[in-house]
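Chemist: One structure follows; several queries about it will come next.
The values are calculated or read from the model by the stated rules, or taken from the named source; none is laboratory data. Every value quoted in this text rests on a predicted model; they were computed, and no experiment measured them. Note that we place each Cβ from the backbone using ideal geometry, even for glycine, and neighbour counts take in every protein chain shown. The accessibility values were calculated without ligands, DNA or RNA, using every heavy atom of the protein model including side chains. Shrake-Rupley method; radii C 1.70, N 1.55, O 1.52, S 1.80 Å.
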Amino acid sequence: MLTMTKNEKLQQIWHKYESQHGHKPSGTREVVDRAVEDGLLEEPKIDPRDILATQMATALREEMQTDDKGRRYRVNHAVRVTESGVQYTFWASMGYAPHDHMERGFAQRREQVSGDLVQLKTDVDVYNDMIHGKNTEIQLILDFKEDVAERQMVRMPPQKAVSAA
């Protein structure tokens, strides 16, 4: 007998709910509420320190400052490290962090973005194959040069005019 992983069990519960409700878009909270009511899921025992650590990580990720050129930047940066099969996340503040920490953090974020884009492209391609001949295919542009340039222009403060006296 094969044992399901936690994710496989949650996916099975989702698909059962989705099927029973006509495949209409649904929120995960309503699916979980029903699964708990039906005895398919048990509410987890939660360590309060895990909650606080998660809240702190969110706060660190969201802390922004503005440099003297008017650029908004993320202050704190994370690096994920796996030791003996356990993943740890180490945070450091830009300006104080060792250079190798920042380098690893930026490389990990870039890899995450790249992986997300590869998956997005695959998802769009599969969807387009499913709807081929039935609907307009979704076009996905993966060149972000213009998007980045536009957003950088919006974030830059207006230049102060120098008056000639």
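Chemist: Mind checking which pairs have a first residue in region 124-151 that is β-branched (Val, Ile, Thr) and a second that is open to solvent by 80 Å² or more (accessible area, probe 1.4 Å), Cβ under 8 Å, 6 or more apart or different chains?
Modeler: From residues that are β-branched (Val, Ile, Thr), the pairs are 124/138; 138/127.
Table: residues versus (1) farther than 30 Å from residue 19 by Cβ; (2) open to solvent by 60 Å² or more (accessible area, probe 1.4 Å); (3) acidic (Asp, Glu).
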{"position": "40", "(1), (2), (3)": "no, yes, no"}
{"position": "89", "(1), (2), (3)": "yes, yes, no"}
{"position": "108", "(1), (2), (3)": "yes, no, no"}
{"position": "114", "(1), (2), (3)": "yes, no, no"}
{"position": "118", "(1), (2), (3)": "no, yes, no"}
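Here's the yes/no breakdown for (1) closer than 19 Å to residue 60 by Cβ; (2) out of contact with any Phe, Trp or Tyr (no Cβ under 9 Å at 6 or more places or on another chain); (3) modelled with pLDDT of 95 or more; (4) outside any helix (DSSP H, G or I):
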| site | (1), (2), (3), (4) |
| --- | --- |
| 87 | yes, yes, no, yes |
| 90 | yes, yes, yes, yes |
| 104 | yes, yes, yes, no |
| 124 | no, yes, yes, no |
| 141 | no, yes, no, yes |
| 148 | no, yes, no, no |
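Chemist: Given (1) assigned to a helix (DSSP H, G or I); (2) open to solvent by less than 100 Å² (accessible area, probe 1.4 Å), where does residue 97 come up short, assuming only one miss?
Modeler: That leaves (1) as the condition not met.
Chemist: Do you know which residues across region 88-109 are among the hydroxyl-bearing types (Ser, Thr, Tyr) and more than 16 Å from the chain's Cα centre (by Cα)? Full working, then the answer.
Modeler: As a first pass, look at region 88-109 and keep what is among the hydroxyl-bearing types (Ser, Thr, Tyr): 88-89, 93, 96.
Correct list: 88, 93, 96.
Chemist: Mind checking which pairs have a first residue in region 59-73 that is surrounded by 11 or more Cβ atoms within 10 Å (Cβ to Cβ) and a second that is assigned to a strand (DSSP E or B) and aromatic (Phe, Trp, Tyr), Cβ under 8 Å, 6 or more apart or different chains?
Modeler: 60/91; 65/73; 66/73
Chemist: Moving on to the next point. I'm told residue 138 meets every condition in (1) under 26 Å from residue 71 (Cα atoms); (2) more than 21 Å from the chain's Cα centre (by Cα) except one. Can you identify the failing condition by its number?
Modeler: (1)
Chemist: Please work out which residue is nearest to residue 111 (Cα to Cα), limiting yourself to region 74-87 and to residues that are within 18 Å of the chain's Cα centre (by Cα) and open to solvent by 70 Å² or more (accessible area, probe 1.4 Å).
Modeler: Here the answer is 80.
For every residue, the table says whether it meets (1) on the phi > 0 side of the Ramachandran plot; (2) at pLDDT below 95.
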site	(1), (2)
66	no, no
95	yes, yes
101	no, no
112	no, no
117	no, no
153	no, yes
163	no, yes
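Chemist: Looking at (1) open to solvent by less than 100 Å² (accessible area, probe 1.4 Å); (2) farther than 30 Å from residue 13 by Cβ; (3) not in a strand (DSSP E or B), which is the one condition that is false for residue 30?
Modeler: Among (1) open to solvent by less than 100 Å² (accessible area, probe 1.4 Å); (2) farther than 30 Å from residue 13 by Cβ; (3) not in a strand (DSSP E or B), residue 30 violates only (2).
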